[in-house]
Amino acid sequence: MSKVVIDQPVPAFTATSTQGTVSLEELKGKQVVIYFYPKDNTPGCTTEGQDFRDYHQQFTTANTVVFGVSRDSLKSHENFCQKQSFPFALISDQDESLCQLFDVIKLKKMYGRESLGVERSTFLIDAEGTLQKEWRKVKVKDHVKEVLEQAQALNAG
């Protein structure tokens, strides 16, 4: 499977989310933010999700839909969404197909041990389905504000 590339169309995909099936094809005409995070209910991932929640109305106004993606189960996602009142869908990528497409599975070191995990990353896709911007190795503080500014600028054309 090919990987996403800036200024190139993102390959069509469908995925299972907390709000039903998500299809990139069906989102044509809207900008899409897809953010990948390591795990539900962990401190950084919770803060990042809350930031997307708190700016959700501004994203909507900028013709942008937001999706969070991790390898957690749909059940875990549903609990996370409910607990944090997320208005956007979380995609369960247990088979890692989206993680592979966006190339976010990286070797991580924690407590001296190496393991493969999801690198916190965000992608902005324009209304035509072309990847416009990517953020990799994301630090949570002020990240969502930066993504929103890019989405607003892109929407303003």
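The values are calculated or read from the model by the stated rules, or taken from the named source; none is laboratory data. Being a predicted model, the structure only gives us computed values, none of them experimental. Virtual Cβ from ideal backbone geometry, glycine too; neighbours counted across all protein chains shown. Note: accessible area is taken over every heavy atom of the protein model, side chains too, but ligands, DNA and RNA are not part of it. Shrake-Rupley method; radii C 1.70, N 1.55, O 1.52, S 1.80 Å.
Structure notes:
- Reduced Cα scattering model of region 68-141, Debye log10 I(q)/I(0), q = 0.14, 0.17, 0.18, 0.22 Å⁻¹: -0.55, -0.81, -0.90, -1.19
- Whole-percent P(r), the chain, all Cα pairs, 5 Å bins from 0: 2, 9, 20, 24, 23, 15, 5, 2, 0, 0.
- For the chain, the antiparallel share of DSSP beta bridges with both residues in that region comes to about 70%.
- Share of carbon and sulfur in the accessible heavy-atom surface of the chain [1.4 Å probe, %]: 48 percent
- Solvent-accessible heavy-atom area per residue, rounded to whole Å², over region 8-156 at 1.4 Å: 50 Å²
- With a cut-off of 12 Å between beta carbons, the residues surrounding GLN8 carry a summed charge of -3, where Lys and Arg count +1 and Asp and Glu -1.
- What separates the Cα centres of region 18-80 and region 101-138 is a distance of 14 Å.
- When the pairs LYS106/LYS137; LYS28/LYS141; LYS30/LYS137 are compared against a 18 Å limit on Cα-Cα distance, LYS28/LYS141; LYS30/LYS137 fall above it.
- Once both labels are positioned 7 Å from their Cα atoms along Cα-to-Cβ, the gap between TRP135 and GLN82 label points is 3.0 nm.
- When SER115, SER92 are compared by accessible surface with a 1.4 Å probe, the order from highest to lowest is SER115, SER92.
- Solvent-accessible area of ASP54, all protein chains in place: 100 Å² (probe radius 1.4 Å, heavy atoms, ligands and nucleic acids excluded).
- Each Lys and Arg adds +1 at its Cβ and each Asp and Glu adds -1 at its Cβ; summed about the Cα centre, the chain shows a dipole of about 540 debye.
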